[in-house]
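> The structure is given below, and queries will be raised subsequently.
A short reminder: the numbers here are calculations on the coordinates, not readings from a lab. Because the structure is a prediction, the values reported are computed rather than measured. Because the Cβ atoms are built from the backbone with ideal geometry, glycine has one as well, and the counts that use them run over all protein chains shown.
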Amino acid sequence: MFAARQDSADSLLRAPRNVAVIMDGNGRWAKARLRPRAEGHRQGVKALHRLVERSAELGVEVLTVFAFSSENWKRPATEVRLLMELFAQGLARWEAPLREAGVRLTVVGDRSAFSDSVVRAIEACERGTAGGDRMLLQIAANYGGRWDVCQAARRCAEADEAVTPENLEKYLATAGTGEVDLLIRTGGEQRVSNFLLWQMAYAEIYFTETLWPDFNEASFDEAVRWYQGRERRFGMTSEQVRAASGLTGL
Ligand code: IPE
Ligand code: IPE
Ligand code: MG
């Protein structure tokens, strides 16, 4: 189901190490086709499958996708129920293929709000894919950037550690995965909607009008190419960055 390990010419397309995606536009995709929103979400799962395959192929190390925000509980109960169903179903169906493809899955977010069956599905998939060393897939569910920073700060204080960036990072839901290099948001909105607020401090942000169910391998490659054209300065001048990478005089 997921592509096996392969070294293709695609490795020439050097992917960012850490990619995050706000998968937005499922509802509008369905509406444009006079279909129920549920259909948009179902197609969205297929788009995620394509993204996972392509990311692993291109050598992405950490892929974090926003599946359900802490604010999405405000949606109609029927839609929330469907999203939970798709979530639990996806975890069960994807466990074996992810394991075979060497992808480790973890869920980041506040689990206390999920039903027992969803929690069981999460734990089973995390356990079943724990040995994956090719790529880490983090599914952000009931996730909010503000929640993450607050719970990390709380744990930092409980451990009697000074609240420094280094200490706080150890307690983030995404601990150990480093900073986001490229953030993609589909669906045309230009906002971050309480996603990885801390982790995206220096991310390059790519917005596309493409609705999530239409996002495919070529769309991802386009985002990666755009990323490769960015100069990441981290507060320095362009001259300093070029000197550090040996590009002086060009
Ligand atoms: C993203 O698509 C999926 C989730 C938030 C779960 P939307 O459902 O937000 O789609 P639009 O923005 O209404 O088109
Ligand atoms: C962000 O999309 C959350 C996910 C993609 C899961 P939303 O559709 O919930 O964001 P807003 O409400 O338009 O900001
Ligand atoms: Mg939306």
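> For segment 60-93: of the residues being over 24 Å from Leu197 (Cα atoms) and among the small types (Gly, Ala, Ser), which is surrounded by the most Cβ atoms within 10 Å (Cβ to Cβ)?
That would be Ala88.
> Within segment 94-112, track down each residue that is farther than 19 Å from Asp133 by Cβ and surrounded by fewer than 17 Cβ atoms within 10 Å (Cβ to Cβ).
Hits for segment 94-112 are Asp110, Arg111, Ser112.
> In segment 205-250, which residues are crowded, with 17+ Cβ neighbours inside 10 Å and touching a residue at least 60 places away in the same chain (Cβ under 8 Å)?
Of everything in segment 205-250, those that are crowded, with 17+ Cβ neighbours inside 10 Å and touching a residue at least 60 places away in the same chain (Cβ under 8 Å) turn out to be Thr210, Leu211, Trp212, Pro213, Phe215, Phe220, Val224, Tyr227.
> Another question, if that's okay. May I ask you to say which residue of Glu231, Glu204, Glu179, Glu209 is among the acidic types (Asp, Glu), farther than 21 Å from His41 by Cβ and over 16 Å from the mean Cα position of the chain (by Cα)?
Glu231
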